[in-house]
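Peer 1: Let me begin by handing over the structure; questions about it come next.
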Amino acid sequence: MTGEVLAFSLFSAMAVGGAGLALFHRSAIHSAFALLASFLGVAGLYLNLGADFLAVTQVLLYAGGILVLYLFGLMLVPPEGEAPRPGRRALALVLAAAPVAIFLIAFLARSSWGDPSRLPEPEGTVRGIGLALLTPDGWLVPFEYASILLLAALVGAVHLARRSAPKDDSP
Amino acid sequence: MRTGGWHGWSQTLADAIKLLTKEDILPSGADPVLFRLAPALVMGSALAMFAVLPFAPGIQFADLDLGIYFLLAIASLTTIGVIMAGWGSNNKWSLYGAMRGAAQAASYEIPLALSLIPPILHFGTFSLLNATEQQSGWGGMGWYVFSDAFWVAIPSFFLFLTASLAENRRAPFDLPESESELVAGFHTEYSGLRFAFFFLEEYAAMFATSAVATAYWLGGWNFPGMTLLAEGSAWLPWLGALAFLLKAMFLVCVMIWVRWTLPRLRIDQVMTLGWKYLTPLALGLMVAAAGWEAWRAMP
Amino acid sequence: MMESLPMAAWVLAIPALPAAAWLLLVLGGRRAAPAAPWLATSAAALSALAAWVVFLERPWEGIPGGIWEGPWSWGFFLSSGGDGIAGLRATLSLDAISGALLPMVGTVAFLVHLFSVRYMRTDPRPGPYFAGLALFTASMAGMLLVENLLFFFVFWELMGFCSWLLIGHDSLNPSSPRPEAARAARKAFLTTRVGDLALLLGMVVLWKGFGTLSFTELAAAGGSAGSPPWLLAGGGLLLLGAMGKSAQFPLHVWLPDAMEGPTPVSAMIHAATMVAAGVILLVRSAAFLPDEILLAASVVGALTAFFAGTVALVSADLKKVLAWSTISQLGFMTAAVGVGGPGAALFHLHTHGFFKAGLFLAAGSVILACHHRQDLGGLGGLRRRMPMTWVATLVCAAALSGLPWLSGFHSKEAILSLALDGAALGGLPALTACLLFVAAALTPVYMFRMVFLTFHGEARSTEAREASEDSWLVRLPLAVLTVLAVVSARFWLFPVEEAPASEHWAGVLGTTLALGGVILAGLLFLLPVLSPAAFARFFGPLTGLARERWKFDALYAATFPPLFRLGGRAVDGIDSRLVDGLAHGIGRMAEAGGSAFRKLHRGRIQTYALLTLAGLLLLSVTLLLQGEAG
Amino acid sequence: MSLVAYLVVAALLMVAGLAMVASRRSLIHVLIGLELVLNASALNFVAFDRYSGGGQEGQLAALFVIVVAAAEAALGLAIVLHAYSSKGSIRPDDFRSLGDS
């Protein structure tokens, strides 16, 4: 068992386990914390795939930003509606489990995808990503779109979060 | 337990023993998993930060390409730990402290990261080691704060220190644990070694941020007179490490000094300072640094 | 070819000043209306001045190719070179044709403007009227100053638009709207539209065939092209376009009706602008039109000249006589191009412009004096009351009839001699020559019939008895045009084709016919020697046919509306059954789908998630099955 | 490691996320489930990118996925908080005024 396989096993277990825990745990806040494990596991998988910048970004933004936001939200609203309806949950699980099994079989049947022996050595990706994001031939325009998207989301969120402002303004 | 010795040197030791031997209390209403996991997460992330610190030539755990970026990411994990602790304690004071900590950390992470952009642009690298090596000019005095970009470097240095104070929940930004209102904030319920973890995390984070400031702004291990040493001298790592530690410890001392000097802010003042002053200032500095570096790089 | 800026400025001023006046009047709206007459008139005056300056300078002479080009040009910047498509460049260009015609156009337009100041004094809408007149002038000048068929067509269409506006001017008179004017404007617009469509199609054919629409390049390429079928088609379409614009048989029906417009507008349309466009088009394209098309042009022209002359002979309306005489003269021009005399055609266009404008303005003067009485039966005896008008009409009619020493003699003689030359070939050219000579003989008869019935004999109505000549605004244009009708042949500079074999004979024959026609008219209408009624009986059904304009209007009215109605009904059926049915069907499908899917769309987020999962399941099963198959 | 292994992990994350959206009875958890779905798709991008031996397009796409996720989280939470303050509930079943039955 090489180190790569070991790392993969560990991180994928973290990712899938965290996701499963988030799915099945009764407590809202616990599932949010379980998500942390999932995010970190995905970050580890990114590392395994040679995407170091992406891995760190995943930790910084998902764990440090988005998850904190969700935890904040969970602390601001009372924990309610915790228990899922039994029938619905069973249905969801049946529907969820079936495609997974089929997916596994379908993909394994085509295991010729992506020959691991031809993989290039992973190398630092920061420079390439930076150049790609800031060259006009590359991803500059999507990059600017993303910044506009974030600005719009920021303004929208601030507007929505102004508590009771609509009530005061309404005639 | 109180002990003394010359200038009270044994007090730290005694405290350590005390914390190790105290009873580990799990409050009855607490969430056992989260309550126990929080100190580990906090301490683990604080220690992980040390991995990329370049103490001296050859004395560094790992020189990552992404050094400072990695450090920022890891530092943001402590926020989760704080929330975990606050929630897991099942105590209103703890929860309030955790929420304050989360809000504060989320707010100050922006000026903190932005204040790092001027040195990153200047050195063109995320790697702390590389940045330190680039400051070895002028007989060990080619620090960023003494470079031609000093007029950006000095404000960004103070900005970084201020933001890291808030990020580390140090006075005057110690709202999450403000003992006059919240007993001890998010770690009210902790005792013994678990409390020690929070305590140590705070100081470890202080040291890590000071070390980052040292490596980026104050030349890292470079010290005046290092050119007198022979090429490849065996002394260099040790003297370098000494210089690095002296500079970092000086900054830690400044942080402690600030704690005893300034009164604690109110939470709204903290937020106002972060969003309305530090963030715009950091953005301005970023633009100034980018413009300066671009102008300098022009043929 | 660059030239000094002053010359370019003079040339540009010819179309630009009236265009600027038009723009000012349009932008000014009602506020500009009081200033409209003098604004437009002074713009036209300066434009005419510029035309004369250009005429005297003759900048195109001495330039190889004979085309002076302004320093500006604009192409379609579509080609890769960035220089525009070569065959589609708009340049300000001036050659002998435009240089020779611009003074006539400018002068006549200016005099019409001047006349209109008085004629339209009581009109409630002077702003639109003078704006239209100015745009008309600008379009005509612009049409002469472009060297490319595409831009020629642009100005061509602008003139069509202006004529529509001006013919229908009275229909919007707020105090006494005249729906007939609107009908006439519509008729003019739609009839010329047939020709315009043909011209557009012809342009497409020429572009496909030659790859250029520049007249010079077309002329250069057309000489060696022979007459392949596509060129026959394109040339035929071009001829059809010219026929529509120049009111040639069988697209002539709009011009008599266009008399509904104010009389100065008629002068404008008949003398200087609108109808001249078709002749100019033919002249400019004569170099590349195949012989068959030219032959067709000559036949059409001769036929029109003859047939319009017969109708003019029996018209009961002062202006209608003039209208039919215009059609007849345009027939002469078209035939001239056909028999190989584009220069002669232009020459006749030039002289005709002056005396026809004079005739129309004189008619306007009569109409003004007689309070809009214009039927020949109600006029008469105006000679003493309106001497200036009488002299003008007399001289212009004589010029039109081709009496010696007047301008019309020279131009008509050139055409007749060319036709006589061609007649030696026999067949259709001989027929052309015959028809043209008959038409030439008819001209003095109907012209002097009009003169005698209007100005001689007894006044046949109270209006005619009380008529009196108007102010200098009316007299000055008449005087100028009278002089020009005499001398205009002297300042014609475009080379006119020589027909050495029959020049002499044509002159003698033409003069004899003209004098004979005048004497006949005098015997019939001035001195009661012969009876017009007996004459009419002698020709029997032919007279009736001519009175009914050879039944063309009736024929068109009987055929086209039912045809169009049939086509419209078919299209309506397709639209309401097929298109609407399709649209409604799609709508109904969407409706049905909506009410079906509404069951699924109930605003429960989690149901949607379940559906997504089900979709995922379906997808993976499909993938799996595909994997097994492959 | 083969590509399939990563794809299986991504598929599992995806299914877990979707199941979470379908079964949890709190709007915040619906959002969290969506984050898992987004993570899974980003992981697929990176894995395919790595195993197709190409440039870094997959990583860039994953980066944009993260950006979109951040925007989604901010707006989604703002909407949830607003909904809570106006309706006093964050159960998805309570927000059906746009549905027709």
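The values are calculated or read from the model by the stated rules, or taken from the named source; none is laboratory data. Every value quoted in this text rests on a predicted model; they were computed, and no experiment measured them. Every residue, glycine as well, gets a Cβ built from its backbone with ideal geometry; the counts of neighbours run over all protein chains shown. The area values use the complete protein model at the heavy-atom level, side chains included, leaving out ligands, DNA and RNA. Shrake-Rupley method; radii C 1.70, N 1.55, O 1.52, S 1.80 Å.
Peer 1: In peptide A:137-150, what is the residue-averaged number of other protein chain Cβ atoms found within 10 Å of each Cβ?
Peer 2: Values: counts 0, 4, 6, 0, 0, 5, 4, 0, 2, 7, 1, 0, 6, 5.
What the average comes to for A:137-150 is 3.
Peer 1: Oh, and also: Could you give me D for chain C, from Stokes-Einstein at 25 °C and 0.890 mPa s, where the hydrodynamic radius is the Kirkwood radius over C-alpha pairs? Units µm² s⁻¹, please.
Peer 2: Working: Rh = 26.4 Å.
Stokes-Einstein gives a translational diffusion coefficient of 93 µm²/s.
Peer 1: Here is a follow-up. Quick check for you: with a 1.4 Å probe and neighbouring chains kept, what is the accessible area per residue of the protein assembly as shown, in Å²? Present the calculation step by step, with values, prior to reporting the outcome.
Peer 2: Numbers: 50900 Å² over 1201 residues.
So the protein assembly as shown comes to 42 Å² accessible per residue, rounded to a whole number.
Peer 1: Could you give the DSSP H helices of chain B that reach 30 angstrom or more along their long axis (alpha carbon positions) and whose average Kyte-Doolittle hydropathy is no lower than 0.5? Mind showing how you got there, number by number?
Peer 2: On the way: long enough: B:67-88 (32 Å, 1.71); B:92-115 (34 Å, 0.20); B:192-216 (36 Å, 0.94); B:235-261 (38 Å, 1.57).
Both cut-offs are met by B:67-88, B:192-216, B:235-261.
Peer 1: With a cut-off of at most 10 other beta carbons within 10 Å, and DSSP calling the residue loop, which chymotrypsin sites (Phe, Trp or Tyr not before Pro) in the stretch B:1-61 qualify? Please list them. It would help to have the intermediate numbers written out before the result.
Peer 2: Details: sites: B:Trp6, B:Trp9, B:Phe35, B:Phe50, B:Phe55, B:Phe61; in loops: B:Trp9, B:Phe55, B:Phe61.
Answer by residue number: B:Trp9.
Peer 1: How large, in Å, is the protein assembly as shown by the Kirkwood hydrodynamic radius built from its alpha-carbon pairs?
Peer 2: Answer for the protein assembly as shown: a Kirkwood hydrodynamic radius of 39.1 Å.
Peer 1: Next question, about the same structure. What does the convex hull of the Cα atoms of the stretch C:90-242 come to per residue, in Å³, rounded to a whole number?
Peer 2: Details: hull volume 16.2 nm³, N = 153.
Taking only Cα atoms, the stretch C:90-242 has a hull volume of 106 Å³ per residue.
Peer 1: Provide B:Arg170, D:Arg50, A:Arg26 ordered by accessible surface of protein heavy atoms (probe 1.4 Å), highest first. Walk me through the intermediate numbers first.
Peer 2: Details: B:Arg170 5, D:Arg50 40, A:Arg26 160 Å².
Output order, biggest surface exposure first: A:Arg26, D:Arg50, B:Arg170.
Peer 1: Can you compute the helix-only [θ] at 222 nm over chain C? Use -39500 (n - 2.57) per DSSP H run of at least 4 residues, normalise by all residues, nearest 500 deg cm²/dmol. Before the final figure, lay out each step's value.
Peer 2: Details: 25 runs with 438 residues, N = 630.
Helix-only estimate at 222 nm: -23500 deg cm²/dmol.
Peer 1: Work out the mean other chain Cβ neighbour count within 10 Å for the residues of B:34-42 and drop it here as an integer. Could the numbers behind the result be given before it?
Peer 2: Details: counts 4, 0, 0, 2, 1, 0, 0, 2, 0.
Average per residue, whole number: 1.
Peer 1: Would you kindly compute the Cα radius of gyration of the stretch C:467-517 and its largest Cα-Cα separation (Dmax), both in Å?
Peer 2: 17.1, 50
Peer 1: Given the options B:Trp217, B:Trp275, B:Trp87, which has the most mean-square fluctuation in a GNM of chain B, springs set between C-alpha atoms less than 10 angstrom apart?
Peer 2: It is B:Trp275.
Peer 1: Sort largest first and round to whole Å: the equivalent ellipsoid semi-axes of the stretch B:27-94, each the square root of five times a Cα gyration tensor eigenvalue.
Peer 2: Working: eigenvalues 207, 22, 11 Å².
For the stretch B:27-94, the ellipsoid semi-axes come out as 32, 10, 7 Å.
Peer 1: What order, most packed first, do the peptides C:199-209, C:142-152 have when packing is the mean number of other Cβ atoms within 10 Å of each residue?
Peer 2: Packing proxy ranking, top to bottom: C:142-152, C:199-209.
Peer 1: Go through C:240-252, B:120-132, C:459-471, C:402-414 and give me the packing order, highest mean Cβ count within 10 Å leading. Present the calculation step by step, with values, prior to reporting the outcome.
Peer 2: Numbers: C:240-252: 26.5, B:120-132: 21.2, C:459-471: 16.4, C:402-414: 24.0.
Result, highest mean first: C:240-252, C:402-414, B:120-132, C:459-471.
Peer 1: Can I ask one more? Could you calculate the FRET efficiency of C:Leu23 with C:Ala219 from 1/(1 + (r/R0)^6), where r is the beta carbon distance between them and R0 is 25 Å, rounded to 0.05? Before the final figure, lay out the partial values.
Peer 2: Working: r = 34 Å, r/R0 = 1.37.
Calculated value: 0.15.
Peer 1: Tell me, what is the FRET efficiency for B:His7 and C:Leu625 to the nearest 0.05, using R0 = 60 angstrom and their Cβ-Cβ distance as r? Intermediate values should be presented prior to the final figure.
Peer 2: Values: r = 80 Å, r/R0 = 1.33.
Efficiency, from the Cβ-Cβ distance: 0.15.
Peer 1: Please compute how much accessible surface disappears when D pairs with C, both sides summed, using a 1.4 Å probe, and round it to the nearest 100 Å². Please list the in-between numbers first.
Peer 2: Numbers: alone 6940 and 26630 Å², together 32380 Å².
Looking at D and C, the buried total is near 1200 Å².
Peer 1: Which trypsin sites (Lys or Arg not before Pro) from the stretch C:543-607 combine a DSSP loop assignment with at most 13 other Cβ atoms within 10 Å?
Peer 2: Details: sites: C:Arg547, C:Arg549, C:Lys551, C:Arg565, C:Arg569, C:Arg577, C:Arg588, C:Arg598, C:Lys599, C:Arg602, C:Arg604; in loops: C:Arg598, C:Lys599, C:Arg602, C:Arg604.
Loop-located and lightly packed - C:Arg598, C:Lys599, C:Arg602.
Peer 1: Just to be sure I understand: if you take the accessible area of chain A alone plus chain D alone and subtract the pair, with a 1.4 Å probe, what total do you get in Å², rounded to 100? Could the numbers behind the result be given before it?
Peer 2: On the way: alone 13460 and 6940 Å², together 13840 Å².
That pair of chains buries around 6600 Å² in total.
Peer 1: Counting pairwise Cα distances across chain B, what percent come out greater than 25 angstrom? Show your work: numbers first, answer last.
Peer 2: Numbers: 22923 of 44551 pairs.
The proportion of pairs with Cα distances above 25 Å equals 51 percent.
Peer 1: Still on this structure, please answer the following. Per residue of A:13-19, count partner chain C-beta atoms within 10 Å of its C-beta, then hand back the mean as an integer. Write out the running numbers ahead of the final one.
Peer 2: Numbers: counts 1, 0, 9, 8, 1, 3, 14.
So the per-residue partner count for this stretch is 5.
Peer 1: Between C:Glu466 and C:Leu555, 0.36 nm times their residue separation minus their Cα-Cα distance comes to what?
Peer 2: Values: separation 89, 0.36 × 89 = 32.04 nm, distance 4.11 nm.
Working it through step by step, the gained length comes to 27.9 nm.
Peer 1: Then there's this: Please list C:382-395, C:531-544 highest first by mean number of surrounding beta-carbon atoms within 10 Å per residue. Display every interim value, and only then the final one.
Peer 2: Values: C:382-395: 20.7, C:531-544: 11.9.
Most protected by this proxy first, the peptides run C:382-395, C:531-544.
Peer 1: Here's another thing I want to ask about it. Let's test the formula: R0 of 51 Å, r as the Cβ-Cβ distance of C:Leu190 and C:Phe597. What FRET efficiency results, to the nearest 0.05?
Peer 2: Values: r = 51 Å, r/R0 = 1.00.
That pair, C:Leu190 with C:Phe597, gives E of 0.50.
Peer 1: Cα-Cα pairs above 23 Å in the stretch D:3-94: how many percent? Don't jump to the answer; show the numbers that get you there.
Peer 2: Details: 1422 of 4186 pairs.
Cα-Cα pairs of the stretch D:3-94 separated by over 23 Å account for 34 percent.
Peer 1: Related question: Restricting the calculation to Cα positions, tell me the Rg (one decimal) and the Dmax (whole number) of the stretch C:548-599 in Å.
Peer 2: 21.6, 73
Peer 1: Counting only protein heavy atoms and a 1.4 Å probe, tell me what percentage of the protein assembly as shown's accessible area is made up of carbon and sulfur.
Peer 2: On the way: 35490 of 50900 Å².
Here carbon and sulfur together make up 70 percent of the probe-accessible area.
Peer 1: Relative to the first principal axis of the alpha-carbon coordinates of chain C, what is the inclination of helix C:318-338, with its axis defined by its Cα atoms, in degrees from 0 to 90 and to the nearest 10?
Peer 2: Here the helix axis deviates by roughly 80 degrees.
Peer 1: At what distance in nm do the modelled label points of C:Phe161 and C:Phe535 sit from each other, each positioned 7 Å from its Cα along Cα→Cβ?
Peer 2: Between C:Phe161 and C:Phe535, the label points sit 4.5 nm apart.
Peer 1: Longer than 27 Å from Cα to Cα, which of C:Lys319/C:Lys412; C:Lys208/C:Lys245; B:Lys276/D:Lys87; B:Lys247/B:Lys276; B:Lys18/B:Lys247; B:Lys92/B:Lys276 are they? Say none if no pair is.
Peer 2: On the way: C:Lys319/C:Lys412 22 Å; C:Lys208/C:Lys245 24 Å; B:Lys276/D:Lys87 32 Å; B:Lys247/B:Lys276 31 Å; B:Lys18/B:Lys247 30 Å; B:Lys92/B:Lys276 29 Å.
Over 27 Å apart, Cα to Cα: B:Lys276/D:Lys87; B:Lys247/B:Lys276; B:Lys18/B:Lys247; B:Lys92/B:Lys276.
Peer 1: Okay, next question. Working from Cα positions, state the angle (0 to 90°, nearest 10) between the long axis of helix C:36-57 and the longest principal axis of chain C.
Peer 2: For C:36-57 against chain C, the angle is about 80 degrees.
Peer 1: Taking the Cα atoms only, what angle lies between the long axis of helix C:229-245 and the longest principal axis of chain C, rounded to 10 degrees?
Peer 2: 60 degrees
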